[in-house]
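**Student:** Have a look at this one.
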Protein chains: 2
Amino acid sequence: MPNDDADRLFTFFTEIGIIAQLSRAAFEARLPDGMTLPHFTVLNHLVRLGDGCTPLALARAFQVPKTSMTNTLSGLERKGLIRIQPNPEDGRSKVVTITSAGRKFRDSAVVAAAETFGPMVEKFPAGWIETLTPQLAEIRAVMDRARDDGPN
Amino acid sequence: MPNDDADRLFTFFTEIGIIAQLSRAAFEARLPDGMTLPHFTVLNHLVRLGDGCTPLALARAFQVPKTSMTNTLSGLERKGLIRIQPNPEDGRSKVVTITSAGRKFRDSAVVAAAETFGPMVEKFPAGWIETLTPQLAEIRAVMDRARDDGPN
DNA sequence: TATATTTAGTTCGATATCGTACTTTATTGG
DNA sequence: CCAATAAAGTACGATATCGAACTAAATATA
């Protein structure tokens, strides 16, 4: 790879990183007390894609180590936003379900997100989000595959 | 903001966040021992934009709290990759300079980056990086401005 | 000039992240 | 059926991140 290509790539990932950091900080600033973005993200996933998945499935969905997911889930359970129960179909694993308090919290966080990002998005050029998102999704998919191939 | 818009926004930032996470993990896996992405990013900044800036300037450049920058810099100094000296022009502040070991390290990390991202980028659709990067930069600029306006 | 305010940096404490190693349960191969 | 291996989850330790409060130095104000 020529050096210029490396530079461009690096710039690209740097922009991605800074946007991720800024959006996370902006969103978390609106969240109550000890709640973090991962907490909300998990609740959102449970609402949108359904209950009853295992901790490991969640860890894979968000590309985090399972120890990180253990920590996130225990925080949510401590706050009464989810329940973690033994999996009747597999003694090794558990099943995560969202509580009604969890649903309520998620809904109010969606409102918070709207308030955080609403004023911002009005200033983005029209249609960018719609065209960028699928492109980013594809880039993500490529990176996922590269990762699955393992480090060669 | 309608709910659909909120959803789209959320999806967008989620993709951004996952790409940031994947790229960081892929890159750090190539870095020796205790080196992190922020370590490299600071060295890269010193090489590309020049030596002799203050810790606070670096913290602002990367949008991190100054306490985080203190930690990053002390790690780099411990490894002999930078020097931190008193600022002769301002008794409160310090001046950061990169050592030759730091330069050498940065150069080899650039190679590592090329090896990490080279095989990946070949699989991205041609030209995407070139068109996406300026768009992301503009989105980032909008978010920066929104942040500077402060919480209203 | 004397005091108040602002600025740069650090220290400290709380929490997040994540790798390693472990326990428990399932699955596989003989 | 039994041993070997794999898989799910957790405990633990190391480090990163970051907010609050602090110190020291510079600047503003009276």
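The values are calculated or read from the model by the stated rules, or taken from the named source; none is laboratory data. Keep in mind that what you see is a predicted model, and the values were worked out from it rather than measured. Methodologically, a virtual Cβ is constructed for each residue, glycine included, from the backbone with ideal geometry; neighbour enumeration extends over all protein chains shown. Ligands, DNA and RNA are stripped out before the accessible areas are found, and what is left, the full protein with its side chains, is counted by its heavy atoms. Shrake-Rupley method; radii C 1.70, N 1.55, O 1.52, S 1.80 Å.
**Student:** Select from region B:139-150 the residues that are more than 7 Å from chain A (Cβ to nearest Cβ) and open to solvent by 40 Å² or more (accessible area, probe 1.4 Å) and write down the one among them that is modelled with the highest pLDDT.
**Tutor:** B:R145
**Student:** Out of the residues in region B:123-136 meeting the condition of being open to solvent by 70 Å² or more (accessible area, probe 1.4 Å) and part of a helix (DSSP H, G or I), tell me which one is nearest to the other protein chains (Cβ to nearest Cβ).
**Tutor:** B:E130
**Student:** Going by the conditions given, is A:D107 over 30 Å from B:T133 (Cβ atoms) and within 13 Å of chain B (Cβ to nearest Cβ)? Write out each step before concluding.
**Tutor:** Details: over 30 Å from B:T133 (Cβ atoms): yes; within 13 Å of chain B (Cβ to nearest Cβ): yes.
Yes.
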